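Chemist: Below you will find the structure I want to go over with you.
The values are calculated or read from the model by the stated rules, or taken from the named source; none is laboratory data. Being a predicted model, the structure only gives us computed values, none of them experimental. Positions of Cβ are backbone-derived with ideal geometry, glycine not excepted, and every protein chain shown enters the neighbour counts. For accessibility, only protein heavy atoms count, side chains too; no ligands or nucleic acids. Shrake-Rupley method; radii C 1.70, N 1.55, O 1.52, S 1.80 Å.
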Amino acid sequence: MLKIAAHDADPAAAPRVPRWPFGLAAAVLVLAALYLFLPGPGSALPGGGRTTLVVFAGATLFWLFGRNDTFVGFAALLVLILLGVLDADQVFAALGGEVVWLLISAFVLAAGISATGLPARAAIALCTRASRVRTLFHLLTAWLVLTAFAIPATSGRAALALPVFLALARAFAPRPAVVRALALLIPSVILLSAAATLTGAGAHLITVEILAGSTGSGISFGQWLLLGVPIAALSSHLAAELVLLLMTRRADRKQPVVVDPHHLAEEAGVALGALNVVQLRALAVLALVVGLWCTEAWHGLPPALVALAGAVLITVPKAGTVALDAALATVPWSLLLFMVATTALGSALSASGAAGWLAGVTLGHHTGSPLVVLAVIVGVSAAAHLVLQSRSARSSVLVPLILPVAAVSGLNPAAAAFASTVAAGFCHTLPASAKPVALFSGIGDAPTYRRGDLLRLSVVLGPLLVLLVLLFATAVWPGFGLPLYLQEMK
């Protein structure tokens, strides 16, 4: 009786009717209408392609409004398997494929490197050499770019940089504008510098896998480094300048910087002095792995095998830097499974003929200028984070559609896919657009940036990044072995 009276007195306390059945019913109606709208048997769209388009549209719809991206991806995979579009053995084989082992081993290796304190020591060594705020920002940017070689995920790099930021925030406590600028700088650079390496983001591996499945050749680790490092470094330092100009005044930038390395190390929880034996071993393992990755063309060892060897060396009992169980606990298994699911969905789009049919319907036989097509691809990829928050989901949606569009318009599919993937690294508009941005927007122990600061940065940085990607795609990457046009590949 008391509960009934309470509900009668307070309507807001009444139990809410869950909304998900209505949303699910609406989604089913939309997908059913799409299935009826698409061409049937006897058309240019194969039956499997028609089914794949509907399932993929459903997955994208639930990614937009759902909360568990991995569940949606595997549910879509299950539907395609049951309908006979995908082979179950191929999907299960992908779970044990090279890409999965590459990322698992890379995360184990990253855990071993982080456990030694080497990344934080490198940051402190660089930051304490700064005499001005601008120098500090660019040295910190250089360190963040380097962490892309050791840590294979943007969220992991953000967690690694957080103690360094908090230590700097305490050192610059009397200068809150500088602290807020640092809070915006770090996630911005982490997202842009991920383009430096193949393992910088799961989206990169998805792109390479879909590209290899569709064209027969992908992009090696060494080639990705050659193509990605220059634009990652340039865009990161460009972002540092923009953050400085938008977040600080000239007086803030001119005021001298004095940072005590010992105090900074104490705040970050690391010890200074000469490198110990454990740190030297970790550094040697990292150098060996990256060196073998970059020279794959000479020795022929697959990147996954090299990463696995590095993971074994870094976790050798009594001689390694971290226990294997502790290292495996840092692996984001949900991310790995989501990557497998989205890669399989993207491959299904290409293999079923759905992507090719959609490209033909969209472009017909008149594609216009290849440069215009490239500009549209890059622009859409940079803006896609406003619709799909997951970087991996963006690549799994965009890349299968971009490959046939590029081929029809005379563009090299690999160049178009690479440009799209680099542009999709821009996700700075809202705190929810990327995990590193969200992490640094919610810090309670130090001043951090406001939503308006993020919007002002994205309004300037977004168009500049699009122009930068177009410049590299047309003038730089062809000289590094990635021609822009199909006719240049003959």
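Chemist: Any idea which of (1) over 28 Å from VAL316 (Cβ atoms); (2) in contact (Cβ under 8 Å) with a residue 40 or more places away in the chain; (3) among the hydrophobic types (A, V, I, L, M, F, W, C); (4) assigned to a helix (DSSP H, G or I) is the one ALA111 doesn't satisfy?
Modeler: It fails just one condition, (1).
Chemist: Further question on the same structure: Please determine, by comparing only the residues of the stretch 157-173 that are under 16 Å from PRO436 (Cβ atoms) and hydrophobic (A, V, I, L, M, F, W, C), which one is surrounded by the most Cβ atoms within 10 Å (Cβ to Cβ).
Modeler: The residue in question is ALA161.
Chemist: Taking the condition of a type in the set (Ser, Thr, Tyr), open to solvent by less than 20 Å² (accessible area, probe 1.4 Å) and touching a residue at least 40 places away in the same chain (Cβ under 8 Å), does THR342 pass?
Modeler: Values: of a type in the set (Ser, Thr, Tyr): yes; open to solvent by less than 20 Å² (accessible area, probe 1.4 Å): yes; touching a residue at least 40 places away in the same chain (Cβ under 8 Å): yes.
Yes.
Chemist: Now for a separate question. Within the set of pairs 6+ apart or on separate chains, which have a first residue in the stretch 280-299 that is in contact (Cβ under 8 Å) with a residue 12 or more places away in the chain, a second that is open to solvent by 80 Å² or more (accessible area, probe 1.4 Å), and C-beta atoms under 7 Å apart?
Modeler: If the second residue must be open to solvent by 80 Å² or more (accessible area, probe 1.4 Å), the pairs left are VAL285/LEU313.
Chemist: Right, something else. Are any residues in the stretch 279-326 at positive phi and open to solvent by 60 Å² or more (accessible area, probe 1.4 Å), and if so, which ones?
Modeler: Scanning the stretch 279-326 gives a single hit, LYS318.
Chemist: How many residues are closer than 19 Å to GLY379 by Cβ and not in a helix (DSSP H, G or I) if we restrict to the stretch 411-448?
Modeler: Matching residues across the stretch 411-448 total 10.
Chemist: In the list ALA274, ALA233, ALA284, which residue meets the criterion of being modelled with pLDDT under 90 and not basic (Lys, Arg)?
Modeler: From the options ALA274, ALA233, ALA284, the qualifying one is ALA274.
Chemist: Wholly within the stretch 241-295, which helices (runs of 4 or more DSSP H) include no fewer than the required count, namely at least 2 residues that are touching a helix residue (DSSP H, G or I) at 6+ places or on another chain (Cβ under 7 Å) and over 30 Å from ARG132 (Cβ atoms)?
Modeler: 277-294
Chemist: Out of THR429, THR448, report the one residue that is within 27 Å of ALA375 (Cβ to Cβ) and either in contact with a His (Cβ under 6 Å, 6 or more places away or on another chain) or of a type in the set (S, T, N, Q) (or both).
Modeler: THR429
Chemist: Find all pairs meeting these conditions: Cβ atoms under 6 angstrom apart; at least six residues apart or on different chains; first residue within the stretch 125-144 and in contact (Cβ under 8 Å) with a residue 24 or more places away in the chain; second residue polar (S, T, N, Q).
Modeler: THR141/SER236; LEU144/SER193
Chemist: Then there is this: Only one of (1) open to solvent by 10 Å² or more (accessible area, probe 1.4 Å); (2) in a helix (DSSP H, G or I); (3) more than 18 Å from LEU461 (Cα to Cα) fails for ALA150. Which number is that?
Modeler: (2)
Chemist: Then there is this: For the stretch 327-337, what are the residues that are open to solvent by 10 Å² or more (accessible area, probe 1.4 Å) and either closer than 13 Å to LEU102 by Cβ or in a helix (DSSP H, G or I) (or both)?
Modeler: LEU328, TRP333, SER334, LEU335, LEU337, listed by residue number.
Chemist: Tell me, which helices (runs of 4 or more DSSP H) lie completely within the stretch 1-76 with 3 or more residues that are at pLDDT 70 or above? Let's see the steps before the verdict.
Modeler: Details: elements: 2-9, 20-37, 47-65.
Ranges flagged: 20-37, 47-65.
Chemist: In the list ILE206, ILE210, which residue meets the criterion of being at pLDDT below 90, crowded, with 18+ Cβ neighbours inside 10 Å, assigned to a helix (DSSP H, G or I) and out of contact with any Leu (no Cβ under 8 Å at 6 or more places or on another chain)?
Modeler: ILE206
Chemist: Working only within the stretch 453-469, note down all residues that are of a type outside the set (D, E, K, R) and open to solvent by 40 Å² or more (accessible area, probe 1.4 Å).
Modeler: LEU455, VAL459, VAL460, PRO463, LEU464, LEU467 - these are the residues of the stretch 453-469 that are of a type outside the set (D, E, K, R) and open to solvent by 40 Å² or more (accessible area, probe 1.4 Å).
Chemist: Pull out all pairs, ordered by first then second residue, where Cβ-Cβ is under 7 Å, the residues are six or more apart or on different chains, the first lies in the stretch 189-201 and is in contact (Cβ under 8 Å) with a residue 60 or more places away in the chain, and the second is among the hydroxyl-bearing types (Ser, Thr, Tyr) and in a helix (DSSP H, G or I).
Modeler: Pairs found: ILE190/THR154; LEU191/THR154; LEU192/SER235; LEU192/SER236; ALA194/THR154; ALA201/THR154.
Chemist: Sticking with this structure for a sec: Every residue in the stretch 408-442 that is free of Cβ contacts under 8 Å to residues at least 24 places away in the same chain and at positive phi, please.
Modeler: Across the stretch 408-442, there are no qualifying residues.
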